[in-house]
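The values are calculated or read from the model by the stated rules, or taken from the named source; none is laboratory data. This one's a predicted model, so the numbers in the text were calculated from it and none came from an experiment. In this analysis, Cβ positions are derived from the backbone assuming ideal geometry, glycine residues included, and neighbour counts consider all displayed protein chains.
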Amino acid sequence: MSSQRIPVPRQILEGSVIAIGRGLDPGSVVRIGEGLAAGHVGAFEITLGDPGALESIAALHARFGADGELLIGAGTVMSIDEAEQALSAGARFLVMPITDPALVAWAAARSVPAIPGAMTPTEVLAGWAAGAAAIKLFPASVTGPSFIRELHGPFHEIPVIPTGGVTVDSAPGFILAGAIAVGLGGWLMGDGDPAGIAERGRRVVAVIRAAHEGGRAE
């Protein structure tokens, strides 16, 4: 088990939502980030592999800083080279669709929160042992809340963030099952209008807060 574990950033814990941006125009990404912040969403993940992803991360970092109201991260990180580029652009956390222990350990050694993707108990444990801050359960639409509830038996100390097909309707169920936060992409982003993003952000943060206050389902 890794002795170098970086805690989950406070912005993720406070809002319990990581917004996921795919294929965004770097020229409009700051306005989208401001919409997320207005909706009390605390973390914004820009997926790599899209044209302009690093430019978008840099623009958001310039607007919100390293530890501001909206924490900027990089998603779909598949290699150390990609991780280095994302961090140089201003990313402050890294999300992966896979469990790569070497990549997770590399990030942890540099005090960067890493959130690897996993779908099996073996992958969950491998990511956690390598030093992950939390585990991204992916795709959450396939596993559902019951999978998280079962994971909490042997892995009750491991923070889980379900991602993939999560909506405002399904988010509370994941929180009640024991997730610390959820990743939201298409539902939250909608057509990219900042006002709509802010409204949906406020809505989902409110229902998640209510789920946290209601306690976990048995």
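Could you list all residues from segment 81-98 that are within 16 Å of residue 9 (Cα to Cα) and in contact (Cβ under 8 Å) with a residue 40 or more places away in the chain? Result: 91, 92, 93, 95.
Against the definition (surrounded by 20 or more Cβ atoms within 10 Å (Cβ to Cβ) and at pLDDT 95 or above), how does residue 184 come out, yes or no? For residue 184, the condition - surrounded by 20 or more Cβ atoms within 10 Å (Cβ to Cβ) and at pLDDT 95 or above - is met. The set of residues in segment 68-80 being assigned to a loop (DSSP other than H, G, I, E, B) and in contact (Cβ under 8 Å) with a residue 40 or more places away in the chain consists of 69, 70.
Condition check ((1) surrounded by fewer than 20 Cβ atoms within 10 Å (Cβ to Cβ); (2) among the small types (Gly, Ala, Ser); (3) within 24 Å of residue 108 (Cα to Cα)) across all residues:
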| residue | (1), (2), (3) |
| --- | --- |
| 11 | no, no, yes |
| 19 | no, yes, yes |
| 26 | yes, no, no |
| 37 | no, yes, no |
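Being surrounded by 18 or more Cβ atoms within 10 Å (Cβ to Cβ) and farther than 24 Å from residue 7 by Cβ is a property that residue 197 has. Of everything in segment 90-125, what is surrounded by fewer than 22 Cβ atoms within 10 Å (Cβ to Cβ) and within 13 Å of the chain's Cα centre (by Cα)? Give them in sequence order. Within segment 90-125, just 97 meets the criteria. Restricting segment 164-218 to residues that are part of a helix (DSSP H, G or I) and in contact with a Ser or Thr (Cβ under 6 Å, 6 or more places away or on another chain) leaves a set whose member that is nearest to residue 22 (Cα to Cα) is 187.
Inside segment 75-89, can you point out the residues that are closer than 23 Å to residue 120 by Cα and buried (at least 24 other Cβ atoms within 10 Å of the Cβ)? Selection gives 75, 77. May I ask you to list the residues in segment 23-60 that are part of a helix (DSSP H, G or I) and either among the β-branched types (Val, Ile, Thr) or under 28 Å from residue 207 (Cα atoms) (or both)? Once the filter is applied, which keeps residues that are part of a helix (DSSP H, G or I) and either among the β-branched types (Val, Ile, Thr) or under 28 Å from residue 207 (Cα atoms) (or both), segment 23-60 yields 29, 30, 31, 32, 33, 34, 35, 36, 37, 38, 57, 60.
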